[in-house]
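Heads up: the structure comes next, in structure tokens.
The values are calculated or read from the model by the stated rules, or taken from the named source; none is laboratory data. Computed from a prediction, not measured in an experiment: that's the story for all the values here. Glycine gets a Cβ as well: all are built from the backbone with ideal geometry, and neighbour counts include every protein chain shown. Note: areas computed on protein heavy atoms with side chains; ligands, DNA, RNA excluded. Shrake-Rupley method; radii C 1.70, N 1.55, O 1.52, S 1.80 Å.
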Protein chains: 2
Amino acid sequence: MNLPKAMKALIQKHDGYAGDNERSGFSLEALDPYVELAEIDLPSPDKGQVLMKVARAAVNPSDVMFIKGMYGQPLRKGLPAGFEGCGTVVAAGAGAEGLDGMRVAFVAGRSGFGSWAEYAVADAAMCIPLIDGVSDEDGASMIVNPLTALAMLSIVKEAGSKSFIVTAAASQLCKLIIGQAAADGLSAIGIVRRDEQIDLLKGHGAAHVLNQKADDFDERIAEICRVERPLILLDAVAGPSSSTAFHAMGRGARWVIYGRLEEEPPVLHEPGELIFLQKRIEGFWLTGWLASASEKERTAMAMQAQSNFASGRWKTDVTAVVSLDDASGRLPDALGEPNGKVLLAP
Amino acid sequence: MNLPKAMKALIQKHDGYAGDNERSGFSLEALDPYVELAEIDLPSPDKGQVLMKVARAAVNPSDVMFIKGMYGQPLRKGLPAGFEGCGTVVAAGAGAEGLDGMRVAFVAGRSGFGSWAEYAVADAAMCIPLIDGVSDEDGASMIVNPLTALAMLSIVKEAGSKSFIVTAAASQLCKLIIGQAAADGLSAIGIVRRDEQIDLLKGHGAAHVLNQKADDFDERIAEICRVERPLILLDAVAGPSSSTAFHAMGRGARWVIYGRLEEEPPVLHEPGELIFLQKRIEGFWLTGWLASASEKERTAMAMQAQSNFASGRWKTDVTAVVSLDDASGRLPDALGEPNGKVLLAP
């Protein structure tokens, strides 16, 4: 195949780790401080790797944390950002020839040449060939959110909890969690910030949905916790309403933080609950979770994700598709829109 | 033996659990809202129990939490408070005759007739006969603090940490922890609130001691954490300085809260650390820990405690001995004194 010598990409402007960004929260106020549009040499796949022409790239919360230097992985100046996408394999290194010409979902990362570019490199092991029924929109978000959703549900099940709470419940990730939970017979309790999201999430299968801004939020979450006895709080917000929900939960409850959408940090009003009710507070990080999971678990989850999209149980709601040229101007506002996913179309 | 029909005791004024006391912190602002001096009928020991004439009773932080209704155990109106003490067995129920006449350290509790009284009842299994070399002062605090110290050190060791941090490090409990840690080859990093406690604790074997009020506290705790790499923070304070110490700790650190001496609740400034550095926050409660430990572990710990006191490695520093009559007036202030234990002398 005739490939160009160069490509457009959104490349990282910094090396290493964040400094003060740690305190700036997990939302994206602007793109320019972190990445810039540039033309760089086309990469070539190494042994066991493939080069894809990117069809669609995801813009996940983990990407935002990464480019801000908050993802626990070092930035690499001059290399394209973007963990996830889908595209067609246009070149394959030794041992990866079987994927040549296939349409795949992929996670970049280790190669350093991410998905926010016209071409990206991924290990063959991090590619999932896509069947025809799966659209590019679904394919671009086939791995990170789905595996996060299934991993978090495994935490709920291992805790022996028939019920759990999710904050920022109208996110694309939480819609996957809620849909799968309903199929598994688990009661999802969703916390949102807009009344119009309540019916939306009940339609996805949530057992209860509360607006954290409602006057009776504190009483209602307490009442629901008394009835449903959730043991796990899956929290993307890490703010005052998260504290309230955790306080409402009973003995043995675990507050599992995986994001931080609130600027105001949470306060631990009742340290005594950690002592006498054996509650605890911890984090969830997909990279760490995957590293500790077995190959069998990871494969089973990837297969279930593909099957959920193919069967229509899961669907990616796309709120915006943005070109690389327009990313600097449009991406921050597009990410501020509720209820769906933003994709890049290189 | 000729026993009186009645006795003086500090009895609980409430039933059940706390309400708003949960938010009032773990210090004792006054005794009168919780217990009162009264004359009540002398209890008699049931099967497997003994009646002791109390020589000295301990006033532990757990007693303060208990009488305020914050200890996860229901209050029992009209019964004497006090978990721990030492005294001479003056009557024994069936099966406990072997203890008759012996001087013992004991934990009351299950019987309901606590140690803050002229006479107390304990299960024979919760009594440790005292050898002559152990004073009443040491005997009165032979169980709760020592077992807490040894249990917490087992957490440090199981985490594979060669180093750990203790807050409120000049407490009687922390002096036991620090002394045993030095014997076990572990580096204890103590955080205190007074400069004069620094040399005191270095004398007990602490590797580092910092005053949390010093201007350079943040930098020094960060520097020490870089060198010593502690994984466990044993925290009786649960305040802003605890947050600072936790932030200074590295990957995998655990913040183990067992008390709350600060009114100002801790803030979780960096939820991202829970996610990307796999840190977590939990509680420690001796009652829960003992319930999950094996009989063999509990027995080994009780033997090590007695041996540590007999050998002089451990010693109880007593700051005040208060009579039952004077308790209402003197106990709150006496508990505010640093560096030692307050005992009741019925």
Fill in the blank from the handout: One finds the C-alpha centres of segment A:275-346 and segment B:169-245 to be spaced, in Å, by 41 Å
Completion exercise
Helix B:172-183 sits off the longest principal axis of the Cα atoms of chain B, rounded to the nearest 10 on a 0 to 90 degree scale, by 60 degrees
Handout entry: DSSP bridge orientation in chain B - percent antiparallel, rounded to nearest 5
Key = 60 percent
Completion exercise
Sequence order, segment B:236-250: Karplus ³J(HN,Hα) from phi using 6.51 cos²θ - 1.76 cosθ + 1.60, θ = phi - 60°, Hz rounded, Gly and Pro as x, gives 9, 9, 6, x, x, 5, 5, 4, 4, 5, 4, 4, 6, 7, x
Completion exercise
With a 1.4 Å probe and ligands and nucleic acids left out, the total accessible area lost when A pairs with B, in Å² to the nearest 100, equals 2700 Å²
Exercise for the section: Name the nearest-to-axis residue of chain B, judged by Cβ distance to the rotation axis taking chain B onto chain A, and quote that distance in whole Å. Expected result: B:ILE281, 2
Exercise for the section: Skip the ligands, DNA and RNA, and give the accessible area per residue of the protein assembly as shown with a 1.4 Å probe, whole Å². Expected result: 40 Å²
Practice task
Would you mind listing the distances between the B:GLU29 label point and the same position in each other copy? Use 7 Å along Cα-to-C-beta, nm, one decimal, shortest first.
Solution key: 3.9
Handout entry: Accessible surface of A:ILE143 - all protein chains present, 1.4 Å probe, nearest 10 Å²
Key = 20 Å²
Practice task
Go through segment B:192-206 residue by residue and turn each phi into a ³J(HN,Hα) via Karplus (6.51, -1.76, 1.60, θ = phi - 60°); whole Hz please, and just put x for glycine and proline.
Solution key: 10, 10, 9, 4, 5, 7, 5, 5, 3, 6, 4, x, 7, x, 5
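Distances longer than 32 Å among the Cα atoms of chain B: what percent of all pairs is that?
Values: 18046 of 59685 pairs.
Above the 32 Å cut-off, chain B has 30 percent of its Cα pairs.
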Handout entry: √(5λ) per eigenvalue of the Cα gyration tensor, segment A:109-210, largest first, Å
Key = 30, 16, 13
Problem - Proximal lysines to A:LYS13, defined as alpha-carbon separation beneath 28 angstrom and excluding residues fewer than eight positions away on the same chain - result: A:LYS5, A:LYS47, A:LYS53, A:LYS68, A:LYS77, A:LYS341
Handout entry: Base-10 log of normalised Debye intensity for the protein assembly as shown (one unit scatterer per alpha-carbon) at q = 0.05, 0.08 Å⁻¹
Key = -0.31, -0.71
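Kindly state, to the nearest 0.05, the FRET efficiency for A:ALA345 paired with A:GLU219, given R0 = 51 Å and r defined as their beta-carbon distance. Could you put the intermediate results ahead of the total?
On the way: r = 46 Å, r/R0 = 0.90.
It comes out at approximately 0.65.
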Problem - Helix A:217-228 vs. chain A, principal-axis angle (Cα, 0 to 90°, nearest 10) - result: 90 degrees
Completion exercise
Applying the gyration tensor rule to the Cα atoms of segment A:255-330 (axes a ≥ b ≥ c; rounded if a/c under 1.5, else prolate if a/b exceeds b/c, else oblate), the class is oblate
Practice task
Name the residues whose placed amide hydrogens come within less than 5 Å of the amide hydrogen of A:TYR17, ignoring near sequence neighbours (fewer than 5 apart) on the same chain.
Solution key: A:LEU75
Exercise for the section: Compute the acute angle (0 to 90°) between the alpha-carbon long axis of helix A:295-311 and the principal axis of greatest extent of the alpha-carbon atoms of chain A; round to the nearest 10°. Expected result: 90 degrees
Practice task
Please work out the FRET efficiency for the pair B:GLU295 and B:LYS47, using the Cβ-Cβ distance as r and a Förster radius of 30 Å; give the result to the nearest 0.05.
Solution key: 0.90
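Expressed as a whole percentage, what fraction of the accessible surface of segment A:50-103 belongs to carbon and sulfur atoms when a 1.4 Å probe is rolled over the protein heavy atoms? Don't skip to the end; give the middle numbers.
Values: 920 of 1650 Å².
Percent of accessible area from carbon and sulfur atoms in segment A:50-103: 56.
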Handout entry: Shielded residues, segment A:281-310 - accessible-area loss of 50 Å² or more between chain alone and all protein chains, probe 1.4 Å
Key = A:ILE281, A:TRP285
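Given Cβ point charges of +1 (Lys, Arg) and -1 (Asp, Glu) and nothing else, what value in debye, to the nearest 20, does the dipole of the protein assembly as shown about its Cα centre take?
Details: 66 positive and 88 negative charges, 312 e Å.
The calculated dipole for the protein assembly as shown is roughly 1500 debye.
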Practice task
Could you rank A:ASP132, B:ASP195, A:ASP218 by how accessible they are, 1.4 Å probe, largest area first?
Solution key: A:ASP132, B:ASP195, A:ASP218
